[in-house]
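Working notes, beginning with the structure itself.
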Amino acid sequence: MKNKILTVLCILFGLMMVNSGLNKFLNYMPMPEMSEEMMQIMGGFMAIKWIFPLVAIVEIIGGVLIAIPKKRALGAIIILPVIIGIFIHHLVHDIAGIAIALILLAINIWAIIDNWNKYKPIIKN
């Protein structure tokens, strides 16, 4: 039962990440209202022209992989830096969105813990 719940959560998580990544390329979702501080942050990201495409590609690849049970361990590690960035961003700049960021981080950590035996050979001396 626990594996089925994790699988459903990882599929939903993966779909959210793929959607977010595709939106960075196709801009099909409207941007929410942003504070002046957020506008400056977004302007900084826009000035670094390669950052959004890189994050989008990582979101798409990680999202697809985490949704596939046999590739979940790889997908969870690939998407982890993006999720940590999302969590820290909301913690520092947009506390209203912290709940979703925390849920995504928890799902990601659960997927990593569930696949811990697959990481042991990498960590082992």
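The values are calculated or read from the model by the stated rules, or taken from the named source; none is laboratory data. Treat the numbers as computed from the prediction; the structure is a model and nothing was measured. Please note: Cβ atoms are built from the backbone with ideal geometry, for glycine as well, and neighbour counts cover all protein chains shown.
Against the conditions (1) out of contact with any helix residue (DSSP H, G or I) (no Cβ under 6 Å at 6 or more places or on another chain); (2) modelled with pLDDT under 95, Ile5 satisfies every one except (2).
Contact annotation: residue pairs with Cβ atoms under 9 Å, 6 or more positions apart or on different chains, pairing a residue in the stretch 110-125 that is under 17 Å from Ile79 (Cβ atoms) and at pLDDT 95 or above with a partner that is surrounded by 10 or more Cβ atoms within 10 Å (Cβ to Cβ) and among the aromatic types (Phe, Trp, Tyr), are Ala111/Phe13; Ile112/Tyr119.
Residues satisfying the criterion are present in the stretch 99-119 (criterion: touching a His at 6+ places or on another chain (Cβ under 7 Å) and part of a helix (DSSP H, G or I)).
Condition check ((1) in contact (Cβ under 8 Å) with a residue 12 or more places away in the chain; (2) farther than 17 Å from Gly75 by Cα; (3) polar (S, T, N, Q)) across all residues:
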position: Thr7; (1), (2), (3): yes, no, yes
position: Ile11; (1), (2), (3): yes, no, no
position: Val18; (1), (2), (3): yes, no, no
position: Lys24; (1), (2), (3): yes, yes, no
position: Tyr28; (1), (2), (3): no, yes, no
position: Glu36; (1), (2), (3): no, yes, no
position: Met39; (1), (2), (3): no, yes, no
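For residues in the stretch 58-108 being more than 21 Å from Glu37 (Cβ to Cβ) and of a type in the set (Gly, Ala, Ser), which is surrounded by the fewest Cβ atoms within 10 Å (Cβ to Cβ)? The selected residue is Ala106.
Conditions (1) assigned to a helix (DSSP H, G or I); (2) under 27 Å from Pro121 (Cβ atoms); (3) among the aromatic types (Phe, Trp, Tyr), marked per residue:
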residue	(1), (2), (3)
Phe13	yes, yes, yes
Phe52	yes, no, yes
Ala76	yes, yes, no
His89	yes, no, no
